[in-house]
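*Asks:* This is the structure I have questions about; it appears just below.
The values are calculated or read from the model by the stated rules, or taken from the named source; none is laboratory data. Computed from a predicted structure; not experimentally measured. As a convention, Cβ positions derive from the backbone with ideal geometry for all residues, glycine included, and neighbour counts pool all protein chains shown.
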Amino acid sequence: MSDKNPKHPMRHAHQDVEKAKDIPDTPQTRAPAYRLAFSDEDFMCQPALRPVRLQLELLKTEMAMEEHGIESTIVMFGGARIPEPAKKDTARTQTLADLSAFYDEAREFARLMTLRSMESNGREDVVVTGGGPGVMEAGNRGAVDAGGASIGLNIVLPHEQAPNEYVTPELCFNFHYFAIRKMHFLMRAKAVCVFPGGFGTLDELFEALTLIQTGRMDRVPFLLFGKDFWEKIINWDALSDAGTIAAEDLDLFQFVDSAQEAIDAIDAWGENHARDALPGR
């Protein structure tokens, strides 16, 4: 990914980018048209270049993952507003303060999974989060507790955010496109673990479930941490009773309440395979 000395006789891009900085200052060289296309931010940010930007966001992270030998990941979704227990008195609601217990469960789950990952030299079962605060921070922090690496897939938002301090720097990425970020969450997923959260967590939960429901993705272990929370905010049985999902769709996920329960569920899940039919159709 970072090879600046390609094995061919032609000048490479880095050389010309550096050379272009030393050109004489003339009306011609100051003109936007004279800039090298691939180092011209104004050009690259034009609407017509959107397909290229999408490709670059996919490629940059993909190449870095390959360079680090990462073959599979454990996805951790969850709320950015859930504080660690030591800071639960800062929570804006009592419910958020109570949910702080899941910060510790996320941290412990990530620690246990990272210990497993280290048995494969960090190639398998690498924890990946959204790179932000709350549950995401707990996931990356648990990996640090175990002495291993973890991934952070950040995205530029108007009100946020620096990556949390526990993401492995070489595996800390930033995105403009939600769609490409979501692809990287799921492309290597060996399990999907969803902790309590808000709109963003629900978006990630249902998109991943839809991919599994429709057979577009293997039936990997899909765990919802906090049965009481999830059954309170989503009437799963009502969806089944209405016929908008099939009764079998309720078997695509499992509730857990602790890190160890999640580990046990993953171990007992069985083979991952994609559906070849959609029940209820």
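*Asks:* Of the residues Thr61, Thr29, Thr90, only one is at pLDDT below 95 and closer than 30 Å to Phe195 by Cβ; which? Break it down into steps so the answer makes sense when it comes.
*Replies:* On the way: Thr61 fails: at pLDDT below 95; Thr29 fails: closer than 30 Å to Phe195 by Cβ.
From the options Thr61, Thr29, Thr90, the qualifying one is Thr90.
*Asks:* When you check Gln254 against the structure, is it in the same structural domain as Thr114 (by TED's automatic domain parsing) and either surrounded by fewer than 16 Cβ atoms within 10 Å (Cβ to Cβ) or over 28 Å from Ala143 (Cβ atoms) (or both), yes or no?
*Replies:* Values: in the same structural domain as Thr114 (by TED's automatic domain parsing): yes; either surrounded by fewer than 16 Cβ atoms within 10 Å (Cβ to Cβ) or over 28 Å from Ala143 (Cβ atoms) (or both): no.
It is false that Gln254 is in the same structural domain as Thr114 (by TED's automatic domain parsing) and either surrounded by fewer than 16 Cβ atoms within 10 Å (Cβ to Cβ) or over 28 Å from Ala143 (Cβ atoms) (or both).
For (1) on the phi < 0 side of the Ramachandran plot; (2) of a type in the set (Ser, Thr, Tyr); (3) touching a Pro at 6+ places or on another chain (Cβ under 6 Å), each residue gets a yes or a no:
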| site | (1), (2), (3) |
| --- | --- |
| Gly152 | yes, no, yes |
| Thr201 | yes, yes, no |
| Ala238 | yes, no, no |
| Asp241 | yes, no, no |
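*Asks:* Step by step: first the residues of the range 125-157, then only those that are free of Cβ contacts under 8 Å to residues at least 24 places away in the same chain and out of contact with any strand residue (DSSP E or B) (no Cβ under 8 Å at 6 or more places or on another chain), then the one that is farthest from Pro221 (Cα to Cα). Which residue is that? If you could, list the steps in order and put the result at the bottom.
*Replies:* First pass over the range 125-157, keeping only residues free of Cβ contacts under 8 Å to residues at least 24 places away in the same chain: 144, 156-157.
Narrowing further to those that are out of contact with any strand residue (DSSP E or B) (no Cβ under 8 Å at 6 or more places or on another chain): 144, 157.
On the way: Val144: 24, Leu157: 30 Å.
Filtering first and then ranking leaves Leu157.
*Asks:* Please find, among Gly142, Gly147, Gly152, the residue that is crowded, with 19+ Cβ neighbours inside 10 Å and over 14 Å from the mean Cα position of the chain (by Cα).
*Replies:* Working: Gly147 fails: crowded, with 19+ Cβ neighbours inside 10 Å; Gly152 fails: over 14 Å from the mean Cα position of the chain (by Cα).
From the options Gly142, Gly147, Gly152, the qualifying one is Gly142.
*Asks:* Just give me the residues in the range 230-248 being hydroxyl-bearing (Ser, Thr, Tyr) and assigned to a helix (DSSP H, G or I), in sequence order. Talk me through it step by step, then tell me what you get.
*Replies:* Looking only at the range 230-248, we keep the residues that are hydroxyl-bearing (Ser, Thr, Tyr), and these are 240, 244.
Ser240 - this is the single residue of the range 230-248 that is hydroxyl-bearing (Ser, Thr, Tyr) and assigned to a helix (DSSP H, G or I).
*Asks:* Those residues that are modelled with pLDDT under 90 and part of a helix (DSSP H, G or I), I need them from the range 263-279; list them, please.
*Replies:* none
*Asks:* Still on this model: Can you find even one residue in the range 43-66 that is outside the structural domain of Phe199 (by TED's automatic domain parsing) and hydroxyl-bearing (Ser, Thr, Tyr)?
*Replies:* Among the residues of the range 43-66, at least one is outside the structural domain of Phe199 (by TED's automatic domain parsing) and hydroxyl-bearing (Ser, Thr, Tyr), which makes the answer yes.
*Asks:* Starting from the range 1-25, keep only residues that are within 27 Å of Met65 (Cα to Cα) and at pLDDT below 85, then list their pairs with residues that are in a helix (DSSP H, G or I) and not aliphatic (A, V, I, L, M) whose Cβ atoms are within a distance under 7 Å, requiring at least 6 positions of separation or different chains.
*Replies:* Short answer, once both residue conditions are applied: Met1/Glu67; Lys4/His14.
*Asks:* Give me the helices (runs of 4 or more DSSP H) completely within the range 1-91, filtered to those with at least 3 residues that are touching a Phe, Trp or Tyr at 6+ places or on another chain (Cβ under 9 Å), ordered by residue number. So that I can check it myself, show each step before the final result.
*Replies:* Numbers: elements: 13-20, 27-30, 41-44, 50-67.
Of the helices (runs of 4 or more DSSP H) lying wholly inside the range 1-91, those with at least 3 residues that are touching a Phe, Trp or Tyr at 6+ places or on another chain (Cβ under 9 Å) span 13-20, 50-67.
*Asks:* Any residue at all in the range 172-191 that's among the aliphatic types (A, V, I, L, M), assigned by TED's automatic domain parsing to the domain that holds Met118, under 30 Å from Thr95 (Cβ atoms) and surrounded by fewer than 19 Cβ atoms within 10 Å (Cβ to Cβ)? Give the derivation first.
*Replies:* Going residue by residue through the range 172-191, those that are among the aliphatic types (A, V, I, L, M) are 179-180, 183, 186-187, 189, 191.
With the extra rule that they be assigned by TED's automatic domain parsing to the domain that holds Met118, the set shrinks to 179-180, 183, 186-187, 189, 191.
From the residues that got through so far, the ones that are under 30 Å from Thr95 (Cβ atoms) too are 186, 189, 191.
From what's left, surrounded by fewer than 19 Cβ atoms within 10 Å (Cβ to Cβ): none.
No, the conditions are met nowhere in the range 172-191.
*Asks:* Can you name the condition, by its number, that Gln161 falls short on among (1) more than 27 Å from Leu49 (Cα to Cα); (2) at pLDDT below 95; (3) not aromatic (Phe, Trp, Tyr)?
*Replies:* Among (1) more than 27 Å from Leu49 (Cα to Cα); (2) at pLDDT below 95; (3) not aromatic (Phe, Trp, Tyr), the lone unmet condition for Gln161 is (1).
*Asks:* On the basis of being surrounded by fewer than 18 Cβ atoms within 10 Å (Cβ to Cβ) and in the same structural domain as Phe102 (by TED's automatic domain parsing), does His159 make the cut?
*Replies:* Working: surrounded by fewer than 18 Cβ atoms within 10 Å (Cβ to Cβ): yes; in the same structural domain as Phe102 (by TED's automatic domain parsing): yes.
Answer is yes for this residue.
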